[in-house]
1. In the list B:Leu137, B:Leu162, B:Leu201, B:Leu169, which residue meets the criterion of being within 9 Å of chain A (Cβ to nearest Cβ) and modelled with pLDDT of 95 or more?
2. Name the single residue that is farthest from B:Gln67 (Cα to Cα) among those in segment A:126-158 being crowded, with 18+ Cβ neighbours inside 10 Å and touching a helix residue (DSSP H, G or I) at 6+ places or on another chain (Cβ under 6 Å).
3. Just a yes or no: is a residue in segment B:114-128 at pLDDT below 85 and closer than 17 Å to B:Tyr36 by Cα?
4. Regarding B:Ser253, is this residue more than 7 Å from chain A (Cβ to nearest Cβ), hydroxyl-bearing (Ser, Thr, Tyr) and closer than 30 Å to A:Ala25 by Cβ?
5. Out of the residues in segment B:8-48 that are of a type in the set (Ser, Thr, Tyr) and either modelled with pLDDT of 85 or more or over 29 Å from A:Leu144 (Cα atoms) (or both), which is most open to solvent (accessible area, probe 1.4 Å)?
6. Could we say that A:Ala188 is open to solvent by less than 70 Å² (accessible area, probe 1.4 Å), at pLDDT below 95 and within 7 Å of chain B (Cβ to nearest Cβ) here?
7. Please enumerate the residues belonging to segment A:221-246 that are under 19 Å from A:Ser24 (Cβ atoms), more than 12 Å from chain B (Cβ to nearest Cβ) and crowded, with 20+ Cβ neighbours inside 10 Å.
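The values are calculated or read from the model by the stated rules, or taken from the named source; none is laboratory data. What you see is a predicted model; the values in this text were computed from it and never measured. Using ideal geometry, Cβ is built from the backbone for each residue, glycine included, and neighbour counts are taken over all protein chains shown. SASA here: full protein model, heavy atoms, side chains in, ligands and nucleic acids out. Shrake-Rupley method; radii C 1.70, N 1.55, O 1.52, S 1.80 Å.
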Number of protein chains: 2
Amino acid sequence: MTQKQLYQDREIIAYKHGEVKPGSASIVEEIPLTIYVNDVELATLVCSSGGHKELAVGFMLSEGMIQNHEEIKDITLNESDGLLWIETASPVKQVDSFLKRQITSCCGKGRASLYFVNDVCNLQPVQSSKQFAASHLLKMIGALEEGSATFRKTGGVHSAALADNTGLLAMYEDIGRHNAVDKVLGYAVLNRLAPDDKFLLLSGRVSSEILIKAGHSHIPLVLSRSAPTCLAVDLADQFGIALVGFARGDAMSVYSHPEKVIM
Amino acid sequence: MTQKQLYQDREIIAYKHGEVKPGSASIVEEIPLTIYVNDVELATLVCSSGGHKELAVGFMLSEGMIQNHEEIKDITLNESDGLLWIETASPVKQVDSFLKRQITSCCGKGRASLYFVNDVCNLQPVQSSKQFAASHLLKMIGALEEGSATFRKTGGVHSAALADNTGLLAMYEDIGRHNAVDKVLGYAVLNRLAPDDKFLLLSGRVSSEILIKAGHSHIPLVLSRSAPTCLAVDLADQFGIALVGFARGDAMSVYSHPEKVIM
């Protein structure tokens, strides 16, 4: 039941009661793990470190590929490179049909780390010199929370919104964190809204996938009530996106590009 | 900025301060939406109702398949069947390469609804007559919370555990809700633990995918600090799994198979 340390301590800018000071925050890591079954690549999952063998076995179990321990012959983990090989007693025919299922039903991106290769390579730094007042960001995250009627009713949804310096422009709730963000970004395209003076708000965590979505939409600032991951912070830094987390009440933490936030 | 009602009111058993009474709860819906681009199937997403066109456009934008509104010629939505067709001004070559990416990098299941067809058909009802005391369930969810060191430090992870009537047996934290559960279920297999007298605990929401994971592992009870979805409740009902949500302090809600909970 012991766990490795799943986070890194990073420097941030802390904003509270209108005061700004440099600080440090513990930020959770995101690590890719590629699983091979009998030398055939099965999946790449983005996960926290620790329990890699358990994850691979649990994933195969959840996918109906194995039923019990007897079917597993050997497990080899190369932790530093994020690679894991499972050898099974008899061939797992679902490894091939898993691929076919992916083709047939085509599963969306989910928790995969495809973007480590494809998405990030195609991403261009966001070009915007727009600045946003810290007090306005906090006001808008409060409005997002107030508007989340379904969350209050069910506790079961994520919310996301698009805003500019005049107020909220669009807001969606969805059971999926990714879906809520995609609905907001789709709204912006369908309504021909220029992204460079807008910011993306969300109730949930900012993982690398969410950050990449903002990057594809050329949004210069991402604001969340919750925590970011290390990888999201690194990508935000690299692609010119201000990443602001734990925005609640009169406090928030700025993880990247603080020059975009007027504090 | 108006939203449809994203939930249904369902009957539950409410447990609080040791008292049991029938009640009603608003439970969020999960709906599959299959997106076709120029008549080629792109993806099936599980989402909340409303904003389907925005979701499809935002998804394509996030995947780098479109850049702006001019590339979209027409969008047709058949809401009752969960089908949406996007016609683009010029061919989107990434729709094919999206499939290829899925094959190459093989992305895990994520938010897709593959399981509506494949997983549920293969699932057998859980065979267990084991009962669990409500007071013990609450004690264990408290232990899960206490053990979540990384969450307290970073706010950025989900936790999951396996327990029986003696206490917690294994516990994992992960940035991914699915990963945390898969690690727990993988631990059970690797340590040859029989599932029929165990229960699965998690900090996060119980979506249909989580419920199906429990079903594949033959776990008779799922216990969460958070909310379930309607589809998870329906599947739990169907597959003989007791689903208990909002377990916090001395209160919890039983959504299915209350006979497995001694109240």
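1. That would be B:Leu169, the only listed residue that is within 9 Å of chain A (Cβ to nearest Cβ) and modelled with pLDDT of 95 or more.
2. Here the residue is A:Val157.
3. Quick first cut of segment B:114-128, residues at pLDDT below 85 only: B:114-124.
The next check asks that each one be closer than 17 Å to B:Tyr36 by Cα; those that pass are B:114.
Yes, there is a match, as at least one residue in segment B:114-128 is at pLDDT below 85 and closer than 17 Å to B:Tyr36 by Cα.
4. Numbers: more than 7 Å from chain A (Cβ to nearest Cβ): yes; hydroxyl-bearing (Ser, Thr, Tyr): yes; closer than 30 Å to A:Ala25 by Cβ: no.
So B:Ser253 does not fit the description; no.
5. B:Ser24
6. Numbers: open to solvent by less than 70 Å² (accessible area, probe 1.4 Å): yes; at pLDDT below 95: yes; within 7 Å of chain B (Cβ to nearest Cβ): no.
Judged against the criteria, A:Ala188 is not a match.
7. A:Ala236, A:Ala242, A:Leu243, A:Val244 - these are the residues of segment A:221-246 that are under 19 Å from A:Ser24 (Cβ atoms), more than 12 Å from chain B (Cβ to nearest Cβ) and crowded, with 20+ Cβ neighbours inside 10 Å.
Per-residue answers, yes or no, for (1) out of contact with any Phe, Trp or Tyr (no Cβ under 8 Å at 6 or more places or on another chain); (2) modelled with pLDDT of 90 or more:
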{"site": "B:Gly64", "(1), (2)": "yes, no"}
{"site": "B:Glu71", "(1), (2)": "yes, yes"}
{"site": "B:Leu83", "(1), (2)": "no, yes"}
{"site": "B:Glu87", "(1), (2)": "yes, yes"}
{"site": "B:Lys100", "(1), (2)": "yes, no"}
